[in-house]
Amino acid sequence: MTWIEANFDQELHLATVSRHIDHLQLSFRLTNGRPMPKSMTEEKYVQQYYECVLKLHNEGFFKWDPKKIVCIDCCTNSRRLEREKTISMRGAKPKKFSAAKATYTNTYMVAVCLEDEGQYPALMFTHDPAFDSNGPRAAEVQKWFDEMGIERDRVIYTAGGKKYNYESSAMVAHFKNIYGKNWAQHG
């Protein structure tokens with residue numbers, strides 16, 4: 001329903017969509033690798049996360065002044081091989097799912113505050129030579145930054161011919177050097 005509204009600017013009720021899916025003999029099917037162990041149900045998966053959060057709550061982990069809570073985490077632009085759902089004809093072979101993989105895997109470090117005070121722009125760490133500030137594409141990349149309103153020093157390029165930029169303590173140290181002076185207010 002969301003996809004139809006976004007792409008065709010039409011609102012349909014669930015019953016209408018369901019009826020058309022049935023009429024066209026379509027169904028939702030999984031397309032590739034499993035994100036959880038085979039023996040684990042989705043309910044058990046969610047239950048484990050719930051128990052972890054509940055344990056932290058009971059230990060007083062969340063009993064802080066909201067102005068002093070800053071969550072720091074990393075993510076990458078790599079694609080996980082989770083099973084995707086798609087629409088397919090009933091009884092047909094499962095669809096093949098292929099998507100272009102990034103040549104370089106960048107790591108993004110982000111700090112998010114529980115309250116709006118003290119927001120910190122994300123940093124990107126990359127081995128992609130396109131982001132070398134002295135490289136042949138420096139002017140083109142600077143144009144991207146200008147168009148998107150991103151400061152050049154938020155992208156940290158490290159040479160070395162590697163493709164995957166792993167999360168490291170050096171990244172955390174760099175992040176802390178840039179934003180750490182602001183964290184005194186957060187404790």
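The values are calculated or read from the model by the stated rules, or taken from the named source; none is laboratory data. Every value quoted in this text rests on a predicted model; they were computed, and no experiment measured them. With ideal geometry, Cβ positions are generated from the backbone for all residues, glycine too; neighbour counts draw on all protein chains shown.
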Given the conditions (1) assigned to a loop (DSSP other than H, G, I, E, B); (2) at pLDDT below 75; (3) of a type in the set (S, T, N, Q), every one holds for residue 10 apart from (2)
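Here's the yes/no breakdown for (1) modelled with pLDDT under 90; (2) out of contact with any Leu (no Cβ under 8 Å at 6 or more places or on another chain); (3) assigned to a helix (DSSP H, G or I):
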residue	(1), (2), (3)
125	no, yes, no
139	no, yes, yes
153	no, yes, yes
167	yes, yes, no
172	yes, yes, yes
Conditions (1) of a type outside the set (S, T, N, Q); (2) modelled with pLDDT of 75 or more; (3) over 30 Å from residue 180 (Cα atoms); (4) not in a loop (DSSP other than H, G, I, E, B) -> residue 55 fails only (3)
For region 13-35, how many residues meet the condition of being over 19 Å from residue 88 (Cβ atoms), at pLDDT below 75 and among the aliphatic types (A, V, I, L, M)?
0
